[in-house]
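The structure appears right after this line, and notes come after that.
The values are calculated or read from the model by the stated rules, or taken from the named source; none is laboratory data. Note that the coordinates shown come from a computational prediction; the quantities given were computed from them, not determined experimentally. Here the Cβ positions follow ideal geometry from the backbone for every residue, glycine too, while neighbour counts run over all protein chains shown.
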Amino acid sequence: MIAEYGHIALIVALCLSVAQAIVPMAGSFAGYRTWMRLGHSLALGQLVFVAISFACLTAAFVQDDFSLQYVANNSNTLLPTQFKVSAVWGAHEGSLLLWALILAVWSAAVAMFSGHLPLVLSSRVLSILGAISVGFGLFILLTSNPFARILPFSPTEGGDLNPLLQDFGLIVHPPMLYMGYVGFSVAFAFAVAALIGGQFDSAWARWARPWINSAWVFLTIGITLGSWWAYYELGWGGWWFWDPVENASLMPWLVGTALVHSISVTEKRGAFRSWTLLLAILAFSLSLLGTFLVRSGVLTSVHAFANDPERGIFILAFLGLVVGSSLLLFALRGPVVQRQKGDAEVVSYSGLSREMMLLLNNVLLVSAMAMILIGTLYPLIADVLDLGKISVGPPYFNFFFVPMALGLMVAMGFAVFSRWKKTDAQMLRQKGMLPFLISLTAALILPLFLAESMSWETYSITAAITLGASFWVVTMSLEDLWQKLDRGSSKAGSRLTNMTKLPGSYWGMQVAHIGIAVCALGVGLSSVYDVQKDVRMVPGDRAEVAGYEFTFDSLDFVQGPNYGASRGQISAYKNDRLVAVLHPEKRKYEARNQVMTEAALDAGLTRDLYVSLGEPLKDDAWAIRLHVKPFVRCIWLGGLMIGLGGLLSVMDKRYRRRQPGALSKAQSAAQSGATALEVGAQ
Amino acid sequence: MNRLTLFIPFALCLALGAFLFFSLGKDPLDLPSALVGEPFPEFSLEELHEPERQVSTDDFDSQVLLVNVWATWCFACRIEHPWLNSLAKDGVVIVGLNYKDHRKLAQDWLQERGDPYQFSIFDPRGVLGIDLGVYGAPETYLVDAEGIVRHRRVGVVDERVWNEEFRDLYQQLVDEANAE
Amino acid sequence: MQSNVWPSLGLLKQVGLFLLFSSAAMAVEDVVSFSDESLRPRYQQLLEELRCPKCQNQNLADSNSAISQDLRAEVQRLLEQDLTDAEIKDYLKNRYSEFILYRPEVNRATWFLWAAPVVLVVLGGLIVLRLSRRKKLGDSQETDIPVRSADQQQRLDKLLNSPKQGSE
């Protein structure tokens, strides 16, 4: 019965979203304030009903209602409860319901926090969000209904959740990721609303910015969690594979990052307007494209949900409609938003200005995204054009991405110091000298100490470049911070007070940029200095890897809630001191008869020890994989820092100030000018 | 941005949409054989039932034939086997390639389900398999009278697949061979 | 020789285990052994660049399928036979088609794939350069006051030139 309630709630939500898509938008053209305001209540109502639907599905899982096809396919009576809950979004139908729920959450948030926006704008934004909800609602109800029943003979036991998904990672990664993906729909809605209304100025940018930043923060953390989860879960120590599904999350992130930077130019200087709108449309389009790629079966991936061309057609049609119509709107209405009557005709900025730096940033980020898009889709394109079945994998992506990322980092160092309109090249040279020297020294010297043996033979150019670039970003950022703190008087205490005067968005920028440096450091150093050995061991054996000694103490058989496992105990020693005791497992999940490798980790800031059981060999021996991975944790630490930086920016007081009613152009212009001065022409 | 450049994103979107549309329904893992148009790889392996007998491409005897990769551990092979039996009865020459299997188990398997093969190549280590580009069972190769591979199917060959992919080509090759 | 490190054992046990370990330390062998250790990094590299033909997007290094195990052994065999990396890739490509290469070859079918990113970056760079040069030219005339439209200029002139009113 609960499933029926859930089903009905979903249908009600669909009806509400249809109303939400039509009424406020119509009202905004006709000028009916009641219609426009209806959008807010409809969005909240939609959230209530989608939440009810989601709760019913969760209840079905927790209660082991195997009469539902979806529950029967993805759950099991022996599955621990927390995984029963996360199994709700473990496969196609449920994950779509999660999408719909999160879309409803964002819509409701817009409804609740848009009091200071002009009603015309907020009603249109909500209508557009409503239209997207309609698309997803229809998709779920027509092709992917999680409430579909198996009748009359329902199974008494379920097929179990894929063992790889029975993990903490499934509890956090998809919700966080979807918050990001779906969050960009708000940016999209703002952009389309601006194009419809033809009103687009710094005020729009100021209103849209917190929404864009928060979606970006979620996506950043979502991707970081995904990479971390793959690392410890998949059993062989990799953390990024340029798999189509992974790329599907990175592409919106790259565009989102470009957007976060581009909109700052739009807000502060009124430039890059059409470009910012385009990016906002593009970010969400890529989210939708990702949804298509992952569920239509056109690309192979370990992460792929469903291989169903029929569903693929629906998503493709939806994708075409949403993206196609918004890009057409962009092409037709673009000129209207580019220039406003009475505005300054030319926004000028010089060669080394912050505007130029951010333009460079955007060029590199969008090129990287395009490269990834081409690489991911090329097998598909080649197949359609009958050019054969071609594979495009990590060698291709790394070949292009690494230099692009390095270019970004070099530019980042300069950009932190740049000023709006014009940067003094002389000052840049002067201030940049010390950071440059420090980075150069780090690049030349440090690789000598990081290799196992100190010698020129093991000197790694890659490590040197990574260190140089990371140090460059950090030192330039700190140099800028120092300079800002020093402003005013030279009294000792004033530095601290100056710290409090710096706005949240400045700290956000610093933390995020340093986060990139940390992440890059982790990526570069762990790739270069990773040591791996696959050895044959019996209990009692000892092996040496990168200065650590691993002893294979014992092998036992243990029983888990829904699996049986061979569990090894391996102790790690460094310089004769016990450093860690690790328990890698080889699990067999009974329900699916599936074998899974559960690696054992000893995490540390400077290195991870990673051990996994390979295959059992003759004479009680096992193939054991021993890894020492230096600095790999910095990757996710950096990722979290980037997210934190974004969060600090969102919390900047400027965006939390409530503005009464609709601002007049003069008022908003004055405020933009004031804030530009306030942050001291950063 | 001038007026026309604004349309570029839309145009790209249409192009991409077209590609995605045509890619639906294509199986990304349906690999073409690298050997189509190439001679069947040379090999010298034992026959399944007669270990003393070494077989090679010479034993193909300039016939148009199918080479069917099968194994006892392959479930799908059981599904396609009846159709292979029926093809053999109709005079289609089929050579078996017993892939990564145990001799005794394989012999018993054929005893139980019928043996449509003129002879079966015993490839326990998968050496010929690698030369052929085999990556799973069942697979079926169509070889012409000159020993050139003409078509490969990965997966079950049942009546429908035979009619769609093999029958006409097989007939054509047989006619060409007979004409000589 | 290193002494035993477990603090909780008695002396006899320590000596016994010491003897056991000192011989066992020599006995741990790699699962995959090479006649020449310099082949190993090439082996690892190749496994990462070759795709498992039947898996859902995994390389030979990470996959546990039967065909991957066979192909790993094959790569090892070919390395021992002194083939170069290119020759090994060719060998496998001739049997499994170009699908098995994660680094696509550069040929008529893939020229777009390899050229596009380069073209994009160059194009982007040119745009940045053009904009920065244009702005640089405008630099010398630049003031902090935005350029006004004719309309605005007229109104401003009128305001500036009109006789001063008393404070109102």
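For segment A:20-40, a tally of residues being among the polar types (S, T, N, Q) and without any contact (Cβ under 8 Å) to a residue 12 or more places away in the chain returns 1. Taken over segment A:78-137, the residue count meeting the criterion of being part of a helix (DSSP H, G or I) and more than 20 Å from A:H303 (Cα to Cα) is 34. Please state which one of A:A442, A:A415, A:A411 is away from every other protein chain (no Cβ under 14 Å), farther than 30 Å from B:S23 by Cα and touching a helix residue (DSSP H, G or I) at 6+ places or on another chain (Cβ under 9 Å). That would be A:A442, the only listed residue that is away from every other protein chain (no Cβ under 14 Å), farther than 30 Å from B:S23 by Cα and touching a helix residue (DSSP H, G or I) at 6+ places or on another chain (Cβ under 9 Å). When each of A:A572, A:A591, A:A580 is tested for being surrounded by 17 or more Cβ atoms within 10 Å (Cβ to Cβ), of a type in the set (A, V, I, L, M, F, W, C), in a loop (DSSP other than H, G, I, E, B) and under 35 Å from the mean Cα position of the chain (by Cα), the lone residue that passes is A:A591. When restricted to residues that are over 20 Å from the mean Cα position of the chain (by Cα) and surrounded by 15 or more Cβ atoms within 10 Å (Cβ to Cβ), segment B:15-61 contains 10.
Mind listing whichever residues of segment B:4-13 are assigned to a helix (DSSP H, G or I) and more than 7 Å from chain A (Cβ to nearest Cβ)? It would help to see each step written out before you state the result.
Here is the first cut: in segment B:4-13, the residues assigned to a helix (DSSP H, G or I) are B:5-13.
B:T5, B:I8, B:A11, B:L12 - these are the residues of segment B:4-13 that are assigned to a helix (DSSP H, G or I) and more than 7 Å from chain A (Cβ to nearest Cβ).
Can you tell me how many residues within segment B:2-13 are surrounded by 14 or more Cβ atoms within 10 Å (Cβ to Cβ) and hydrophobic (A, V, I, L, M, F, W, C)? Summing the residues that are surrounded by 14 or more Cβ atoms within 10 Å (Cβ to Cβ) and hydrophobic (A, V, I, L, M, F, W, C) in segment B:2-13 gives 4. The residues on offer are A:V71, A:V50, and the sole one that is modelled with pLDDT of 90 or more and either within 24 Å of A:D308 (Cα to Cα) or surrounded by fewer than 22 Cβ atoms within 10 Å (Cβ to Cβ) (or both) is A:V71.
Here A:L329 meets the list (1) surrounded by 22 or more Cβ atoms within 10 Å (Cβ to Cβ); (2) of a type outside the set (G, A, S); (3) within 24 Å of A:D201 (Cα to Cα) almost entirely, failing just condition (1).
Criterion first (touching an Asp or Glu at 6+ places or on another chain (Cβ under 7 Å) and in a helix (DSSP H, G or I)) does C:R95 satisfy it? Yes; evaluated as a whole, the condition is true for this residue. Where residues in segment C:99-133 are not β-branched (V, I, T) and not in a helix (DSSP H, G or I), which of them is surrounded by the fewest Cβ atoms within 10 Å (Cβ to Cβ)? Filtering segment C:99-133 for residues that are not β-branched (V, I, T) and not in a helix (DSSP H, G or I), the one surrounded by the fewest Cβ atoms within 10 Å (Cβ to Cβ) comes out as C:R108. For segment A:463-484, which residues satisfy the criterion of being closer than 16 Å to A:M409 by Cα, polar (S, T, N, Q) and more than 26 Å from the chain's Cα centre (by Cα)? The answer is A:T475, and nothing else.
Matching residues to (1) basic (K, R); (2) at pLDDT 95 or above; (3) closer than 30 Å to A:N213 by Cα:
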{"position": "A:V579", "(1), (2), (3)": "no, no, no"}
{"position": "A:K588", "(1), (2), (3)": "yes, no, no"}
{"position": "A:A599", "(1), (2), (3)": "no, no, no"}
{"position": "A:G604", "(1), (2), (3)": "no, no, no"}
{"position": "A:D608", "(1), (2), (3)": "no, no, no"}
{"position": "A:I624", "(1), (2), (3)": "no, no, no"}
{"position": "A:W636", "(1), (2), (3)": "no, yes, yes"}
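Residues of segment A:138-154 that are under 26 Å from the mean Cα position of the chain (by Cα) and in a helix (DSSP H, G or I): A:F139, A:I140.
When A:S526 is tested against (1) away from every other protein chain (no Cβ under 13 Å); (2) not in a helix (DSSP H, G or I), only condition (2) is not met.
I need the full set of residues from segment C:45-69 which are within 12 Å of chain B (Cβ to nearest Cβ) and surrounded by fewer than 19 Cβ atoms within 10 Å (Cβ to Cβ), in order please. The answer is C:K54, C:Q56, C:S65, C:A66, C:Q69.
For A:V298, state whether it is in the same structural domain as A:A205 (by TED's automatic domain parsing), surrounded by 23 or more Cβ atoms within 10 Å (Cβ to Cβ), modelled with pLDDT under 95 and not in a helix (DSSP H, G or I). So A:V298 passes the test.
Of all residues in segment B:101-135, how many are without any contact (Cβ under 8 Å) to a residue 40 or more places away in the chain, surrounded by fewer than 19 Cβ atoms within 10 Å (Cβ to Cβ) and touching a Lys or Arg at 6+ places or on another chain (Cβ under 8 Å)? Number of matching residues: 3. Filter segment A:385-403 for residues that are more than 7 Å from chain C (Cβ to nearest Cβ) and surrounded by fewer than 18 Cβ atoms within 10 Å (Cβ to Cβ) and give the result. Of everything in segment A:385-403, those that are more than 7 Å from chain C (Cβ to nearest Cβ) and surrounded by fewer than 18 Cβ atoms within 10 Å (Cβ to Cβ) turn out to be A:L385, A:D386, A:N398, A:F399, A:V402, A:P403. The residues in segment A:622-640 that are crowded, with 20+ Cβ neighbours inside 10 Å and within 14 Å of chain C (Cβ to nearest Cβ) can be counted, and the count is 5. Candidates in segment B:17-33 are the residues that are out of contact with any Leu (no Cβ under 8 Å at 6 or more places or on another chain) and at pLDDT 90 or above; of these, the one that is nearest to B:R153 (Cα to Cα) is B:F22.
Among the residues of segment A:535-554, which ones are facing another protein chain (nearest Cβ under 7 Å), buried (at least 17 other Cβ atoms within 10 Å of the Cβ) and out of contact with any Ser or Thr (no Cβ under 6 Å at 6 or more places or on another chain)? First the steps, then the outcome.
Quick first cut of segment A:535-554, residues facing another protein chain (nearest Cβ under 7 Å) only: A:535-537, A:540-543.
Keeping just the survivors that are buried (at least 17 other Cβ atoms within 10 Å of the Cβ) gives A:535-537, A:541-543.
Listed by number, the residues that qualify are A:V535, A:R536, A:M537, A:D541, A:A543.
B:C77 falls short on exactly one of the conditions (1) outside any helix (DSSP H, G or I); (2) surrounded by 14 or more Cβ atoms within 10 Å (Cβ to Cβ); (3) away from chain C (no Cβ under 13 Å), and that condition is (1). In segment A:221-244, is there at least one residue being at pLDDT below 95, touching a helix residue (DSSP H, G or I) at 6+ places or on another chain (Cβ under 7 Å) and β-branched (V, I, T)? No: segment A:221-244 contains no residue that is at pLDDT below 95, touching a helix residue (DSSP H, G or I) at 6+ places or on another chain (Cβ under 7 Å) and β-branched (V, I, T).
On the given criteria, is A:P146 in contact with an Asp or Glu (Cβ under 7 Å, 6 or more places away or on another chain), in contact (Cβ under 8 Å) with a residue 12 or more places away in the chain and outside the structural domain of A:L277 (by TED's automatic domain parsing)?
Details: in contact with an Asp or Glu (Cβ under 7 Å, 6 or more places away or on another chain): yes; in contact (Cβ under 8 Å) with a residue 12 or more places away in the chain: yes; outside the structural domain of A:L277 (by TED's automatic domain parsing): yes.
Judged against the criteria, A:P146 is a match.
Those residues that are within 7 Å of another protein chain (Cβ to nearest Cβ), of a type in the set (A, V, I, L, M) and out of contact with any strand residue (DSSP E or B) (no Cβ under 8 Å at 6 or more places or on another chain), I need them from segment C:98-126; list them, please. Those that are within 7 Å of another protein chain (Cβ to nearest Cβ), of a type in the set (A, V, I, L, M) and out of contact with any strand residue (DSSP E or B) (no Cβ under 8 Å at 6 or more places or on another chain): C:A109, C:L113, C:A116, C:L120, C:V121.
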